[in-house]
Amino acid sequence: MLGMMMQRPLLISDILTYAAEAHGRSEIISVRCEGDLHRQSYRETAARAAQLAHALKAEGVDMGDRIATLAWNGHRHVELYYAVSGIGAVIHTINPRLSPEQLLYIIGHAEDKLLFVDLTFVPLIEAVKDHLPEGLRFVIMTDRAHMPDTSLDVLCYEEMLEAQPKQIDWPEFDENTAAGLCYTSGTTGHPKGALYSHRSTVLHALYVSLIMGAGYPPESKILPVVPQFHVNAWGLPYAAPLMGHSLVMPGPALDGPSLFKLMDSEKVFSAWGVPTVWQGLSAEIKAQGRIPEGFSELVVGGSAAPRAMIEAFEKQGVDVQHAWGMTEMSPIGTHGKMPQWVKDEDFKTQVDRKSQQGRRMFGVDLKIVGEDGTRQPHDGEAAGELFVRGNAIVSGYFNNEEASRAAMDAEGWFGTGDIATIDEHGFLNIQDRAKDLVKSGGEWISSIDLENLAMAHPAIATAAVIAMPHPKWDERPVLVAVAEGEETPSLEELHAHMEGEFAKWQLPDDVIWVEEMPLTATGKISKLTLRKTFEDYVLPELR
Ligand code: ADP
């Protein structure tokens with residue numbers, strides 16, 4: 001027997017309509033490329049998204065057309081999210097930190113029709129303009145007064161909106177209609193496109209709002225430092241309006257002092273981003289001798305949050321919540337909001353827990369599969385590849401059958417490529433990416449664990465462990481490190497610091513000091529680049 005309830009499609013436009021009606025005074029506060037700090041309410045945002053939707057229609061944009069953006073976090077980028085998807089087109093956010101080759105590949109593969117560009121990124125497009133598909137048109141995201149002098153044939157964002165009506169009846173269509181497209185950075189091979197639907201996006205927003213839910217004061221402000229060009233700023237432009245929280249958008253100003261100033265003046269409650277950006281903020285907090293006013297919660301993910309960083313923020317009264325996910329998961333999978341029984345533990349035990357990746361979000365199923373292909377128990381001991389299943393997880397990649405087939409197992413779960421354990425309380429512990437594990441004498445060494453311990457040494461600012469070939473042991477770990485100050489301790493000193501936590505055979509065979517860590521387009525340490533840089537490296541024992 002079926003239930004007798006209405007079935008309404010889950011559509012992204014409903015989120016903004018709801019926010020405008022129920023949380024009309026909450027705001028989007030944006031640092032803009034023009035140099036100002038701009039504020040507008042969700043009510044105004046809805047009106048401008050309506051204008052943009054009319055303008056897109058006037059430009060001939062249809063259902064299913066891909067509309068690309070090269071832009072920072074800001075109100076215009078949010079308007080694009082809602083207007084493009086709202087009329088049934090697909091918002092394709094491009095990561096401007098990709099190489100020109102990847103940029104061109106992605107634009108070609110997605111067959112974008114229009115490209116919306118922030119002022120900062122105009123030179124990026126000018127540099128590759130001769131290789132761009134014919135017929136691709138550009139819109140500069142600014143007003144007439146700030147339009148750049150460019151050889152590109154461009155439209156002006158604010159002019160497009162000007163004469164358009166501020167109301168719209170958003171069209172109704174199948175909730176499975178594609179809404180957003182985001183390519184993973186693709187450390188090997190070409191980038192692959194995750195194609196989100198209205199249904200998956202609305203459900204993910206609901207799941208994320210469950211995480212925020214309890215604990216956030218009404219109308220509190222959230223700062224997504226994680227960019228809108230990388231997995232939709234972890235879904236915050238959808239979840240925050242749903243909850244009535246204001247969004248504080250940092251635009252291009254992502255350095256520590258700029259973030260501190262913005263957070264302080266806006267009294268940001270919760271800030272979300274990858275570990276590398278929080279290092280900059282930490283340094284500024286140290287310099288100022290205080291945290292920004294109102295700063296209460298830090299959500300950190302994208303790569304493992306170093307234990308030393310968690311400790312430092314916690315000691316200053318900031319609740320650190322460690323999240324894990326991927327582009328293919330919209331992206332949040334697990335989240336480290338702690339239950340009371342953990343909060344009752346001593347400080348060290350709490351930090352131990354927070355160094356893990358939290359528990360699954362509702363709507364995300366997790367399984368661990370061993371090397372022999374069997375499902376492993378959730379006992380905190382058995383490690384294996386992590387597979388995921390859920391309504392906001394990809395079922396394949398956009399126009400890429402081969403990659404789609406390789407990604408899914410026979411039961412329809414998606415393979416993450418991460419090696420993990422899950423304990424009896426549901427806490428996930430990511431040990432490594434499968435390709436980053438160090439295999440020594442048939443045993444695995446977790447590079448994340450070694451890095452955490454290395455970064456707890458006061459002389460080390462950042463550390464990465466990579467595997468180096470060894471004739472007897474297959475691979476041995478080598479520590480690549482950036483010094484905090486002048487001091488560069490010897491390998492023996494580092495061993496003395498690490499011993500006790502690790503078996504002797506698990507300790508790195510060498511330490512290489514570098515000036516700077518290479519980062520990927522999404523702000524993570526690029527082990528691929530490190531491996532390439534040290535291609536000809538020979539372990540001390542073999543020299
Ligand atoms: P890319 O880095 O290629 O852009 P994603 O952003 O989708 O791709 O990265 C997803 C991967 O990042 C995960 O599979 C995992 O290896 C890693 N990751 C994300 N969050 C964490 C975390 N909290 N701890 C450890 N690894 C993480």
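The values are calculated or read from the model by the stated rules, or taken from the named source; none is laboratory data. Since the model is a prediction, treat every value here as computed from it, not as a measurement. Please note: Cβ atoms are built from the backbone with ideal geometry, for glycine as well, and neighbour counts cover all protein chains shown. We work out accessible area using only protein heavy atoms, side chains counted, and drop any ligands, DNA or RNA first. Shrake-Rupley method; radii C 1.70, N 1.55, O 1.52, S 1.80 Å.
Among the residues making up region 500-537, those that are among the hydroxyl-bearing types (Ser, Thr, Tyr) and modelled with pLDDT under 90 are THR520, THR522.
Return the residues of region 39-79 that are more than 22 Å from HIS230 (Cβ to Cβ) and of a type in the set (Val, Ile, Thr); say none if nothing qualifies. Hit for region 39-79 is VAL61, nothing else.
The number of residues in region 26-44 being in contact with a strand residue (DSSP E or B) (Cβ under 8 Å, 6 or more places away or on another chain), closer than 22 Å to PRO217 by Cβ and without any contact (Cβ under 8 Å) to a residue 60 or more places away in the chain comes to 3. Counting the residues of region 495-524 that are away from the ligand (no atom under 16 Å from the Cβ), farther than 16 Å from VAL465 by Cα and in contact with a Ser or Thr (Cβ under 6 Å, 6 or more places away or on another chain) gives 0. Being within 16 Å of the ligand (Cβ to nearest atom), small (Gly, Ala, Ser) and under 23 Å from ALA304 (Cβ atoms) is a condition met by no residue of region 398-406. Considering region 310-329, and only residues there that are crowded, with 21+ Cβ neighbours inside 10 Å and more than 10 Å from the ligand (Cβ to nearest atom), the residue that is farthest from the chain's Cα centre (by Cα) turns out to be PHE313.
For region 470-488, a residue qualifies if it is farther than 18 Å from ALA503 by Cα and in contact (Cβ under 8 Å) with a residue 60 or more places away in the chain, and the qualifying residues are HIS470, PRO471.
The single condition among (1) more than 16 Å from the ligand (Cβ to nearest atom); (2) under 23 Å from ILE310 (Cβ atoms) that LEU450 does not satisfy is (1).
Can you tell me which residue is farthest from the ligand (Cβ to nearest atom) among those in region 285-309 that are open to solvent by less than 10 Å² (accessible area, probe 1.4 Å) and among the aliphatic types (A, V, I, L, M)? This residue is ILE285. Filtering GLY244, GLY235 for residues that are in contact (Cβ under 8 Å) with a residue 60 or more places away in the chain, touching a helix residue (DSSP H, G or I) at 6+ places or on another chain (Cβ under 8 Å) and more than 30 Å from ILE107 (Cβ to Cβ) leaves a single hit, GLY244. Just to verify a result, which residue in region 489-543, among those that are basic (Lys, Arg) and without any contact (Cβ under 8 Å) to a residue 12 or more places away in the chain, is surrounded by the most Cβ atoms within 10 Å (Cβ to Cβ)? Of everything passing the filter in region 489-543, LYS532 is surrounded by the most Cβ atoms within 10 Å (Cβ to Cβ).
Restricted to region 418-434, and to residues there that are outside any strand (DSSP E or B) and without any contact (Cβ under 8 Å) to a residue 60 or more places away in the chain, the residue that is most open to solvent (accessible area, probe 1.4 Å) is GLU424. Among the residues of region 127-162, those that are of a type in the set (Asp, Glu) and loosely packed, with under 15 Cβ neighbours inside 10 Å comprise ASP130, GLU134, ASP143, ASP149, ASP153, GLU162.
Yes/no per residue for (1) farther than 19 Å from ARG66 by Cβ; (2) of a type in the set (D, E, K, R):
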position: ASP118; (1), (2): no, yes
position: VAL128; (1), (2): no, no
position: ARG137; (1), (2): no, yes
position: THR142; (1), (2): yes, no
position: ASP149; (1), (2): yes, yes
position: LEU155; (1), (2): no, no
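Could you check, for region 351-368, whether at least one of its residues is touching a strand residue (DSSP E or B) at 6+ places or on another chain (Cβ under 9 Å), free of Cβ contacts under 8 Å to residues at least 24 places away in the same chain and not assigned by TED's automatic domain parsing to the domain that holds THR184? No, region 351-368 contains no residue that is touching a strand residue (DSSP E or B) at 6+ places or on another chain (Cβ under 9 Å), free of Cβ contacts under 8 Å to residues at least 24 places away in the same chain and not assigned by TED's automatic domain parsing to the domain that holds THR184. The condition of being within 15 Å of the ligand (Cβ to nearest atom), under 30 Å from GLU443 (Cβ atoms), open to solvent by 30 Å² or more (accessible area, probe 1.4 Å) and of a type in the set (Gly, Ala, Ser) does not hold for ALA410. Looking at PRO469, is it open to solvent by 40 Å² or more (accessible area, probe 1.4 Å), away from the ligand (no atom under 16 Å from the Cβ) and either in contact with a helix residue (DSSP H, G or I) (Cβ under 7 Å, 6 or more places away or on another chain) or under 27 Å from ASP510 (Cα atoms) (or both)? Judged against the criteria, PRO469 is a match.
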